[in-house]
Amino acid sequence: RPDTSGGTVGELRRGTHYVFCKQWGERVSREGGAVYNHWWLLTDLDVVYADGAGARAWVPALYLTHWGNDEARDNAGRDIPDCPR
């Protein structure tokens with residue numbers, strides 16, 4: 001789910017990744033709260049930890065490098081589609 005309650009289940013390596021969709025969730029921030037995002041992205045992890053449930057996981061959109069607070073766009077600037085509920 002799109003929050004931090006489940007803990008870390010794996011890693012994405014630095015670089016460009018595909019995502020399936022986005023969902024509004026828990027606010028995640030850095031730099032003292034100046035940089036934040038509520039959007040979470042569903043993707044496949046590069047590294048899955050032994051206790052992880054599988055390769056597919058939610059990742060905070062906070063780490064998208066091209067966009068601002070509460071934005072979730074691809075590298076071309078297109079909105080990432082919402083996940084079906």
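The values are calculated or read from the model by the stated rules, or taken from the named source; none is laboratory data. Just so it is clear, the structure is predicted and the values come from calculations on it, not from any experiment. With ideal geometry, Cβ positions are generated from the backbone for all residues, glycine too; neighbour counts draw on all protein chains shown. The area values use the complete protein model at the heavy-atom level, side chains included, leaving out ligands, DNA and RNA. Shrake-Rupley method; radii C 1.70, N 1.55, O 1.52, S 1.80 Å.
Annotations
- All positions within the stretch 44-57 that are open to solvent by 40 Å² or more (accessible area, probe 1.4 Å), in contact with a Ser or Thr (Cβ under 8 Å, 6 or more places away or on another chain) and either β-branched (Val, Ile, Thr) or touching a residue at least 40 places away in the same chain (Cβ under 8 Å) (or both): Tyr49
- Options Arg27, Arg73; residue that is surrounded by 12 or more Cβ atoms within 10 Å (Cβ to Cβ), touching a strand residue (DSSP E or B) at 6+ places or on another chain (Cβ under 8 Å), among the charged types (D, E, K, R) and within 14 Å of Thr4 (Cβ to Cβ): Arg27
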